[in-house]
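The structure that follows is given in the form of structure tokens.
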Amino acid sequence: MVDAIVHDNGGRNDVGLLALLTPQQNAVHEDSDFSERDDESMSRCGGTTQAANYQFTLAVSTPGEVNDCTTGVTGRPRIAPVEAQGPTDIIINEVEADNPKQDEQEFIELKNLGAMEKSLDQYTLVLYAGNRATPSAYNVIPLTGQTIGANGYFVIGSSQVPNADMNFAQAKNNLQNQIAGVALYYGKETPFNIGMPVTKINMVDAIAYTTRSSTLKGYKGQKLQNFMNLFVPGQTLIFEDPAHTKENESMSRCFFTDSFRSNSYQLLAATPGKLNACGYPPKSIDKVIIGG
């Protein structure tokens, strides 16, 4: 075997097949309802490592052509990806936007890539509703007075979330289940207010997601593309599919620490305040010594 990919379309991971073909990894999830505008495929975009499920993302199908890694399933034209407007050592690491029943365990997890504790005084989280005629903020969360440990995590979550460092204002239903976005900003030059339109000024990381494939059917391709172009141009809408596993899953960053990189997220068991439950690429054989 020289290469392999293990995928599913809504069921649970086939643990036996994963162990045989792509050990210690999760399957690539392709949902046939994810895009109503284009036929999507599982496209290699994250590198050229063999048997690496984590290097595939959903994108517009391009048989016999270069993979469409800059746009994702929301359609053409190709858009240059956004660049961080500030320091990139604090990133969005995990988001849980949909729980079974009451949405009482939602959270956003940040990660400090630096080797020193850092103040979060200059950071603000802004939550955007992408399904409005003009996408706008529905919540603003200043992180003034908070700190994040060296190589550590900072969790903003509902009161029932384990390891939460800071609680949402409400006990449940804090993160939208429809087309939405989470953005992290650095700096106070731009005032952040509920109802403000999307701004990329001082934005250092962001992800766009949905937890309801049904919302895409009524949200036409051009409107979705407009939101993606405003918010995270060149990236893919992440689908937190509640049917992906029986457990409570989250959108978890794996392997890549680049800001605004949607294909670095996998659907995995939620691990607030802990190492994400990522699989790891198989080690390649570098040298074989016989005898001696």
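Each reported figure results from applying straightforward, stated rules to the coordinates on display, with no laboratory input. Keep in mind that this is a model prediction, so the values were computed, not measured. Positions of Cβ are backbone-derived with ideal geometry, glycine not excepted, and every protein chain shown enters the neighbour counts.
Which of Lys172/Lys274; Lys118/Lys223; Lys118/Lys188 have a Cα-Cα distance over 27 Å? Working shown, then result.
Details: Lys172/Lys274 22 Å; Lys118/Lys223 38 Å; Lys118/Lys188 17 Å.
As for pairs spanning more than 27 Å Cα to Cα, those are Lys118/Lys223.
Then there is this: Which peptide among 178-188, 123-133, 164-174 comes first, and what is the full order, when sorted by highest mean count of other Cβ atoms within 10 Å?
On the way: 178-188: 21.7, 123-133: 20.2, 164-174: 16.2.
Per-residue mean Cβ counts within 10 Å order the peptides as 178-188, 123-133, 164-174.
Quick one: net charge of Asn177's neighbours, Cβ under 10 Å, K/R +1, D/E -1?
Working: positive: Arg212; negative: Asp98, Asp103, Glu106, Glu240.
In short, -3.
Right, another one. Based on DSSP, what percent of beta bridges with both residues in segment 115-224 are antiparallel, to the nearest 5? Before the final figure, lay out each step's value.
Working: 22 of 24 bridges.
Roughly 90 percent of the beta bridges in segment 115-224 run antiparallel, per DSSP.
How far apart, in nanometres, would the label points at Thr48 and His7 be if each is projected 7 angstrom from Cα along the Cα-to-Cβ direction?
Taking the two extended label points, one gets 2.2 nm.
Tell me the Kirkwood radius of segment 148-188: reciprocal of the mean inverse pair distance over distinct alpha-carbon atoms, in Å.
Working: mean 1/r = 0.0818 Å⁻¹.
Every distinct Cα pair counted, the radius reaches 12.2 Å.
Taking Rh as the Kirkwood radius, which is the inverse of the mean 1/r over Cα pairs, what is the Rg/Rh value for segment 101-159? It would help to have the intermediate numbers written out before the result.
Details: Rg = 14.0 Å, Rh = 13.2 Å.
In segment 101-159, Rg relative to Rh is 1.06.
Please name which of Gln122, Pro135, Ala171 has its Cα lying farthest along the dipole of segment 109-197 towards the positive end, using unit charges on Cβ (Lys, Arg +1; Asp, Glu -1) and the Cα centre as origin.
So the residue furthest toward the plus end is Pro135.
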